[in-house]
Amino acid sequence: MKAFAMKKIGETAWIEKERPLCGPMDAILKPIALAPCTSDIHTVFEGAIGERTDMILGHEGVGEIVEVGELVKDFKVGDKCIVPAITPDWNSLEAQDGFSMHSNGMLAGWKFSNFKDGVFGEFFHVNDADGNLAHLPEGMDLTAAAMLSDMVPTGFHGAELADIQFGDNVLVVGIGPVGLMAVAGAQLRGAANIYAVGTRPNCIEIAKEFGANNIISYRDGKIDEQIMKLTNNKGVDKVIIAGGTVDTFIEAVKAVKPGGIIANVNYLGEGEYVKIPREDWGAGMGHKQIRGGLMPGGRKRMERLADLVMTGRIHPEKLVTHTFEGIEHLSDALDLMHKKPKDLIKPVVFVK
Ligand code: NDP
Ligand code: ZN
């Protein structure tokens, strides 16, 4: 089969590869709609997860089942499915402990384009089909469905990790597609004020639509200094980090109140260490919690998120600014993600 792959760090190419094999609990799908991710850019161009050779890229997509293993109960050939970016081993001890995303090793629930080939091929493999696939609801917009793979669950995981409560004042650093869904998640969970950090005009517009009532530009000075001005020197209850660099933690720790939570879903592609400012962290005694996590993945979570789309409570289709027709355009879509033109939020490739 034909697939779009990472040849090595810094280089992508179309390659020929064997069609994946289906185990007894697995499924093989052909893609219907695919999306590249900022994480693909960290993986290929920053070498963030190390060297990978001829590894098929991509972890966001909607597909149709072409083969199922004999032990799969709820899915059959021809079913259209939303494929979560994270596909854990649900019988692992880590999943039983509540950390499915780390099933059988740190980050090992993130299999596509990390521990195995991704979804950017004519066919792709999904482990534990009953536990990981979700039926595509009748009538769901395909662009919204593609955003359900990763953008919605990751942004929402930021809101979960930050433990947003009614009336919280929340800072969301970064309003690319992940941060925008974090804004939507914070809004759904009842935040009072949402301060959103970013500069791209269309992202700002959607951040406001999704619930942000204050926009901050990181180009106008330190984020924490701007937050202190806006909150009468009190700081915010919660910070969700969905953009920036390793140094963003410095601003986040300064911006959050004692007792507050900093929740990171940003993929730190570069830098050796994360710095915590000692004094602003209460010399180690400030009860400023720092959390960071990969989203959990799995079918049940996906079905719940899909329900939010079907009932009109969230509108992830608004993230999609560019569409392509034909699998051959995956390279153009990835190129767009790499160059990040001002008007881009997220591209989707429909596979004919
Ligand atoms: P984008 O690049 O589209 O958005 C990044 C955002 O951060 C933009 O709003 C950008 O502002 C802003 N930003 C850039 N520099 C700074 C800075 N110095 N200080 C504050 N804000 C800044 O990324 P995505 O939304 O696609 O993804 C966000 C991150 O989430 C990525 O690292 C991605 O890899 C990661 N990710 C993590 C997953 C997980 O499971 N944990 C899954 C999927 C993605 P501007 O408006 O100027 O562009
Ligand atoms: Zn992704």
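The values are calculated or read from the model by the stated rules, or taken from the named source; none is laboratory data. Predicted model only: the values in this text are computed from it and were never measured. Reconstructed Cβ throughout: ideal geometry from the backbone, glycine too, with neighbour counts over all protein chains shown. Remember, those area values only see protein heavy atoms, side chains included, never the ligands or the DNA or RNA. Shrake-Rupley method; radii C 1.70, N 1.55, O 1.52, S 1.80 Å.
A few notes on this one:
- Only one of the listed residues (Lys234, Lys257, Lys238) is of a type outside the set (A, V, I, L, M), in a loop (DSSP other than H, G, I, E, B) and either outside the structural domain of Lys73 (by TED's automatic domain parsing) or over 18 Å from Ala159 (Cα atoms) (or both). That residue is Lys234.
- Pick from segment 186-216, criterion among the charged types (D, E, K, R) and outside any helix (DSSP H, G or I), ranking: most open to solvent (accessible area, probe 1.4 Å): Arg189
- Ala35 within 16 Å of ligand 2 (Cβ to nearest atom), in contact (Cβ under 8 Å) with a residue 40 or more places away in the chain, in contact with a Lys or Arg (Cβ under 9 Å, 6 or more places away or on another chain) and not charged (D, E, K, R): yes
- Taking every residue in segment 141-170 that is within 21 Å of Phe112 (Cα to Cα) and β-branched (Val, Ile, Thr) and pairing it with any residue that is away from ligand 2 (no atom under 14 Å from the Cβ) and open to solvent by less than 20 Å² (accessible area, probe 1.4 Å), at least 6 positions away or on another chain, the pairs with Cβ-Cβ distances below 6 Å are Val152/Leu305.
- Residue check for Glu67: under 18 Å from the mean Cα position of the chain (by Cα) and in the same structural domain as Ala129 (by TED's automatic domain parsing): no
- Extreme residue, nearest to ligand 2 (Cβ to nearest atom), among residues of segment 158-185 that are part of a helix (DSSP H, G or I) and open to solvent by 20 Å² or more (accessible area, probe 1.4 Å): Val178
- Applying the criterion of at least 3 residues that are among the basic types (Lys, Arg) and buried (at least 17 other Cβ atoms within 10 Å of the Cβ) to the strands (runs of 3 or more DSSP E) found wholly in segment 42-142 leaves an empty list.
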